[in-house]
Ligand SMILES: Cc1cc2nc3c(=O)[nH]c(=O)nc-3n(C[C@H](O)[C@H](O)[C@H](O)COP(=O)(O)OP(=O)(O)OC[C@H]3O[C@@H](n4cnc5c(N)ncnc54)[C@H](O)[C@@H]3O)c2cc1C
């Protein structure tokens, strides 16, 4: 057992139960096989949509569940504890494209897109990174040039989660190339759909983990995007993306806690069953200490995550809190999955048990939506923010 949120509301308990049942019924039976085959099953999108899990943070007006951030993260932890690939699809869709359209889109864009996105008829993705612009995302070079009623986009976006199957991709491109507007200023956020002329899905990444989550390059080859698909001010897209990433990081933190918890649950069961030297290995203090450390870190990570989520819903500035939660949770996931493989010994190193998948899946939480180094930079910078 890890420390849980003792005062879950009735709604939170209900959503937690729904997510747990959904994960056991619709995700668990296929997770290992899809990982092994490195295959994405698009059927999951429709199923997630049917239970409302693709509109968790959208208001009811847009057919969303209108949940508080904490409640959404509780559900995400449950899904991630069974399959991190499904969790990242949910996290990106709920935290980035739908939230960006809700916060910065026009009434027409919201009416056109948010309801089908909540229903799971349209899957969302987020395209900020480029081959030469990762941590330094503001160095992106995809160009957007105005041409009558359209913008012409040329460039390559990389690492786009769900990019090969997404219907609505929020893609950042440079709209102002003047020297004084280099960097974060002069970047627009565009609603890109795969039917646009010049849109191509490029290389699919062959990844260490999250193997059933498709991660692809997207090539925009003089792609014509109607001006009606620009989100808000055509020069403020990067600002919108950064504001949304604060919350996105909470989704990744919940994913990380879910993976860590799965590693602990598998380890406690295995340590009770596996016998060496005529005793279950849980009798050895060396194993007990590993389990104790895992449990403590998961509880601390979960507490930090939900403190940040509650502060966000109160409208506080949560930039530092989101980075702390993401940093601590992702390093907890890596720690716990590493300990789990150790507790399983040789059996942890093969595919007979799920802990090797957890170990592979955990690593990316220290990398995407800002690496651990970038989170530390954000946290440290905020220490001096009010000087
Ligand atoms: C599976 C997966 C899915 C992803 N999904 C998406 C997605 O949907 N949309 C999207 O836009 N992007 C996505 N990404 C991209 C991800 O956000 C980037 O990989 C990440 O931001 C790091 O960028 P990079 O890989 O270019 O590494 P780099 O920025 O090249 O960093 C390399 C190393 O240098 C360190 N470093 C860089 N700058 C500094 C600094 N100033 N100080 C100290 N250390 C530094 C980094 O921490 C890292 O350790 C995804 C990535 C992966 C692997």
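Every read-out reported here was derived from the displayed coordinates using simple, explicitly stated rules and does not represent laboratory data. These numbers come from a predicted model, not from an experiment. Neighbour counts run over all protein chains shown; Cβ positions are idealised from the backbone, glycine included.
Computed values, structure above
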item: For region 105-237: Kirkwood Rh in Å [reciprocal of mean 1/r, alpha carbons]; result: 15.0 Å
item: Antiparallel bridge percentage (DSSP; both residues within the chain; nearest 5); result: 80 percent
item: Separation in nanometres of the label points that stand 7 Å from Cα toward Cβ, at residue 203 and residue 185; result: 3.5 nm
item: Peptides ranked, highest mean first, by Cβ atoms within 10 Å: ranges 252-260, 44-52; result: 252-260, 44-52
item: Quarter of the Cα convex hull surface for the chain, i.e. its orientation-mean projected area (nm²); result: 19.6 nm²
item: Label point distance in nm, residue 8-residue 21, each placed 7 Å from Cα along Cα→Cβ; result: 1.3 nm
item: Length-normalised contact order for region 143-206 - Cα pairs under 8 Å, 6+ apart - percent; result: 29 percent
item: Global form of region 249-387, assessed from the alpha-carbon gyration tensor, a/c cut-off 1.5; result: prolate
item: Taking the chain and dividing mean pair separation by its residue count, relative contact order in percent (alpha carbons under 8 Å, at least six apart); result: 17 percent
item: Per-residue [θ]222 nm for the chain (sum of -39500 (n - 2.57) over DSSP H runs n ≥ 4, rounded to 500); result: -16000 deg cm²/dmol
item: Region 273-346 - convex hull of the alpha-carbon atoms, volume per residue in Å³; result: 78 Å³
item: Efficiency of FRET from Cβ geometry, residue 33 and residue 293, R₀ 41 Å, rounded to 0.05; result: 0.80
item: Gain upon complete extension [residue 278, residue 193; 0.36 nm per residue less C-alpha separation]; result: 24.5 nm
item: With Cα atoms, 0 to 90° folded angle of helix 69-80 axis to the chain main axis; result: 60 degrees
item: Over region 317-387, relative contact order from alpha-carbon pairs under 8 Å, at least 6 apart, %; result: 41 percent
item: Between helix 285-313 and the chain: long-axis angle, C-alpha atoms, 0 to 90°, nearest 10; result: 30 degrees
item: Full-stretch length increase - residue 242, residue 106 - with 0.36 nm per residue and alpha-carbon distance subtracted; result: 47.1 nm
item: Percent of beta bridges antiparallel (DSSP, region 174-310, rounded to nearest 5); result: 90 percent
item: Mean-position separation - Cα centroids, region 50-66 and region 115-184, in angstrom; result: 25 Å
item: Ordering of 74-80, 152-158 by packing [mean C-beta count within 10 Å, highest first]; result: 74-80, 152-158
